[in-house]
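Reviewing the structure listed below.
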Number of protein chains: 2
Amino acid sequence: MTTAASPLADLDTPALLAARDAFSAAYDELKEARLTLDLTRGKPSAEQLDLSNDLLHLPDGEHRDASGLDLRNYGGAEGLPELREMFSDALRVPVSRLLALGNSSLTLMHDTIVQALLHGVPGGDAPWSSRPISFLAPVPGYDRHFTICERYGIRLIPVPTNDDGPDVEAVASLLAADDSIKGMWCVPVYSNPTGAVYSEEVVRALVSLPAAPDFRLFWDNAYAVHHLTDERAEPIDVLALAAEAGNPDRPLIFASTSKVTYPGAGVAFVGASEANIGWYKHNLSAQSIGPDKINQLRHVRLLEDASGLAEHMEKHRAILAPKFDAVDRVFRERLTPWGAGAWTAPKGGYFVSLDVLEGAAARAVQLAKEAGIAVTPAGATFPYGDDPRDANIRIAPTFPPLGELTTALEGLCTAILLAEAETLLAARS
Amino acid sequence: MTTAASPLADLDTPALLAARDAFSAAYDELKEARLTLDLTRGKPSAEQLDLSNDLLHLPDGEHRDASGLDLRNYGGAEGLPELREMFSDALRVPVSRLLALGNSSLTLMHDTIVQALLHGVPGGDAPWSSRPISFLAPVPGYDRHFTICERYGIRLIPVPTNDDGPDVEAVASLLAADDSIKGMWCVPVYSNPTGAVYSEEVVRALVSLPAAPDFRLFWDNAYAVHHLTDERAEPIDVLALAAEAGNPDRPLIFASTSKVTYPGAGVAFVGASEANIGWYKHNLSAQSIGPDKINQLRHVRLLEDASGLAEHMEKHRAILAPKFDAVDRVFRERLTPWGAGAWTAPKGGYFVSLDVLEGAAARAVQLAKEAGIAVTPAGATFPYGDDPRDANIRIAPTFPPLGELTTALEGLCTAILLAEAETLLAARS
């Protein structure tokens, strides 16, 4: 977090009124520009998608894996060994316990929860649905994680996030006090939206803390290979640490190629202990005829191996790093002089987390929207869409071209400054 | 059903013993041939898969649909309009209520049941899981349908199947007596495994019979376009008939291209009333980032439109019809003289249903297996694997090349004759 004092708050009321008028005039100009810009979702840009365009003609007639299996037909429920091998190192999951499945890790996480609700998980003594249950939700976090829980009546308990991951003390005391807690959402590398990278110490705590035997870490390693700097987050072997701590079944690791190749036309992975993977395969045997093995072969041909994958991700970085730099630069130029925001400078992933003046986030997002700049709704990064401080805004800078991005960020800053001045004035009246 | 008297049963005991010895000698010869042949699953042959090999280089750089949407990115949760249009006529579902989704209709059916268990369905007043429930299962039927119910503790109630579909009287009296019945498995066209085609009269009855408001027909139209003769089953508009009968939400229509293009690398469909489709889309919004739209585009490029689809299916027919002819010919030559079986002559689909002497099916399948000929386990076509008559064997003739198929069928007949002779002798001792 880049922190700053808040000189806007220090202005006397006449000066604040003058500032508000200036921001308001700037905002009127902004509206006149009739923009249509979008900072809402973590979508790859067209330029990034172009990096994988060989998928549009691969696998070029081939249709067998290394073992000679005809991938055009039924079978192969675990996914292509070559592809699982390629991601095994980055995810720190042995190939035998890493499945390559459908097109989305969100689906895998959703389906895991559904199966746990109906059947329970290994080590549990009842289906999760047999009583009210809860999940821990480090905040700010990923709205689609929260939506799954909300949809199934699973209570979400917010947990503060630090630079090195969720606040372990808070997690420990919640787990100790409440055995209805069955799960915890974790984005261990380049968290959505803060960019936090879990430290080994935090990971050791999460796999060791006393908890129900059917408590699970939903380890959404969505950004494991999505670096933005040379300072790459070193993968942590959460499965080994959990086994060491005597809780081998606690982590369920999820990942996908949605932001490596194509969202929707990618491949998703799940990795876990032998007991969990056995449970998975049993569940899949009723649900699935097997994954799209031809698309998996396309991915093997495109990316080749772990080092091909790393090279491919460097090309993404070359496109993305300037966009994240632009976020930092515009905020520094426009917000810092007024002490009007604190934001993260992530070393990977897809988001920047911006905190504005308490009570001003929803208004800033509304003003931006009315000026044609779509921003993720304030509160979306909190369970039930409820940011108790009304301060957090998630910035998704990857999709627009750099020029449009800068225009959108400038406009957003105008909206934020006006919202903050209004908020401060309202508090004084 | 081709029916036949059972002259084996009419033989006096010395003649039966002599026949048994002859069959036994033939069986010993069969074993010496050390075959490894497989009649178990309804898999397309390599020759059929070759028909869709353009999928291995399509969509050839293209990545937009007719509306200009970039199909490589997020979005498009309902699937490509062009593809839904292509299947709309054969499935008799308006495009607006037909979704093109993932790679398997089995998954869609499974997930529908899971959502109904956890949430209930439109028109219901509680989640299905709030009390014990049942499904009607026309028999013989599809084992993977049954497996889904078995996995979630849904009781399966067998219903006899006639040439024109499930026995309506039986369905009516079961529905009238038991309001825990929430679903019914239906394969309306070229049923698995009998090949039965539901008549319009039967369909009208199924959508009209009094039943619980949250009762659903799982209308697995897996073989809608999979004709084997010129006498093509005319599609029945079950949604319109259901609406006419005042039960618009009763049918849920499923289909896929698993046996049109590639199993696993295909596209699955669900079609239903507006209320059901709304429910579906709501559920998907928590579960999915959207289907693989690029693979859907591949299918649009390969098949083009409804008439392209029909032409493509004619090529399948040219490969498959001789295999089904072989089944009929071999059974007629080998079983008919002994009155040793009655089998279906389907006009489409993937299976032949064979009834042997009561009490002899499991033994015949075991003998075949020991001679290297894998046949679907006897009983697999019944809930809980339990064929009360131990008479039904499902024949899947599509996968092996014609020569191998004929060898396997000949061997199976040898096993059946021996099993029947043994069974008759045991009854007399």
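The gain in end-to-end length when the B:Ala25 to B:Ala275 segment is fully stretched comes to 83.7 nm, 0.36 nm per residue minus the alpha carbon separation.
Relative to the longest principal axis of the Cα atoms of chain A, the long axis of helix A:361-370 makes an angle of roughly 80 degrees. Among A:His145, B:His312, B:His282, the ranking by other beta carbons within 10 Å of each residue's beta carbon, starting with the fewest, stands as B:His282, B:His312, A:His145.
Given R₀ = 60 Å, what would the calculated FRET efficiency be for B:Asp125 paired with A:Thr336, taking r from the Cβ atoms and rounding to 0.05?
Approximately 0.60, to the nearest 0.05.
Starting from the Cα-Cα distance between B:Arg329 and B:Asn162, subtract it from 0.36 nm times their residue separation and give me the gain in nm to one decimal.
On the way: separation 167, 0.36 × 167 = 60.12 nm, distance 2.34 nm.
Between B:Arg329 and B:Asn162, full extension yields 57.8 nm more.
Across the copies of the chain, A:Leu425 has label points (7 Å from Cα along Cα→Cβ) spaced 10.4 nm apart, shortest distance listed first.
The sum of -39500 (n - 2.57) across all DSSP H runs of n ≥ 4, divided by the residue count of the protein assembly as shown, sets its helix-only mean residue ellipticity at 222 nm to -13500 deg cm²/dmol. Partners of A:Lys31 within straight-line reach, counting lysines whose Cα lies under 19 Å from its Cα and excluding those fewer than 8 residues away in the same chain: A:Lys369. Rounded to the nearest 20 debye, the dipole size of chain A about its Cα centre is 840 debye, using +1 on the Cβ of Lys and Arg and -1 on the Cβ of Asp and Glu. For the peptides B:236-249, A:180-193, the ranking by mean Cβ contacts within 10 Å, running from highest to lowest, is A:180-193, B:236-249. The 3J(HN,Hα) values that the Karplus relation (6.51, -1.76, 1.60; θ = phi - 60°) gives for segment A:391-408 are, in residue order, 10, 8, 10, 8, 9, 10, x, 7, 6, x, x, 4, x, 4, 4, 4, 4, 5 Hz. Gly and Pro appear as x.
When only alpha carbons of the protein assembly as shown are considered, Rg and Dmax amount to 30.4, 118 Å. Shielding value for A:98-106 is 3, the average number of Cβ atoms from other chains within 10 Å of each residue's Cβ.
Inter-copy label distances at B:Gly372, shortest first and taken from points set 7 Å along Cα to Cβ: 7.5 nm. Remark: label point of A:Gly308 defined 7 Å out from Cα along the Cα-Cβ vector; separations to the same position in other copies 2.9 nm, ascending. Note on A:Arg34/B:Asp70: beta-carbon distance plugged into 1/(1 + (r/R0)^6) with R0 of 35 Å gives a FRET efficiency of 0.90.
Given an 8 Å cut-off on Cα distances and at least 6 residues of separation, report the relative contact order of chain A as a percent. List each step's numbers first, then the result.
Values: 816 pairs, mean separation 117.0, N = 429.
Here the relative contact order equals 27 percent.
With only Lys, Arg, Asp and Glu charged, each at its Cβ (+1 for the first two, -1 for the last two), find how big the charge dipole of the protein assembly as shown is about the Cα centre; round to the nearest 20 debye. Please list the in-between numbers first.
Working: 72 positive and 114 negative charges, 92 e Å.
Computed charge dipole of the protein assembly as shown: roughly 440 debye.
Note on B:Ser307, B:Ser429: ascending count of other Cβ atoms within 10 Å places them as B:Ser429, B:Ser307, the fewest first.
Quick one: B:Arg389, A:Arg97, fewest Cβ neighbours within 10 Å first, how do they rank?
On the way: B:Arg389 14, A:Arg97 20.
In increasing order of surrounding Cβ atoms, one gets B:Arg389, A:Arg97.
Given a Förster radius of 22 Å and the C-beta distance between A:Glu62 and A:Arg317 as r, what FRET efficiency does 1/(1 + (r/R0)^6) yield to the nearest 0.05? The partial results should precede the final answer.
Values: r = 30 Å, r/R0 = 1.35.
Working from the Cβ atoms, E equals 0.15.
Distance between the 7 Å Cα→Cβ label points at B:Asp10 and A:Leu402: 9.1 nm. For B:Arg301 and B:Asp230, the difference between the fully extended length at 0.36 nm per residue and the C-alpha to C-alpha distance is 22.9 nm.
Could you tell me which residue out of B:Ala116, B:Thr161, B:Gly411 lies farthest along the dipole of chain B toward its positive end? Charges go on the beta carbon: Lys and Arg +1, Asp and Glu -1, centred on the Cα centre. Comparing the listed Cα positions along the dipole, B:Ala116 ranks first.
Readers should treat all values here as calculations from the given coordinates under stated rules, not as data from a laboratory. These numbers come from a predicted model, not from an experiment. Note that we place each Cβ from the backbone using ideal geometry, even for glycine, and neighbour counts take in every protein chain shown.
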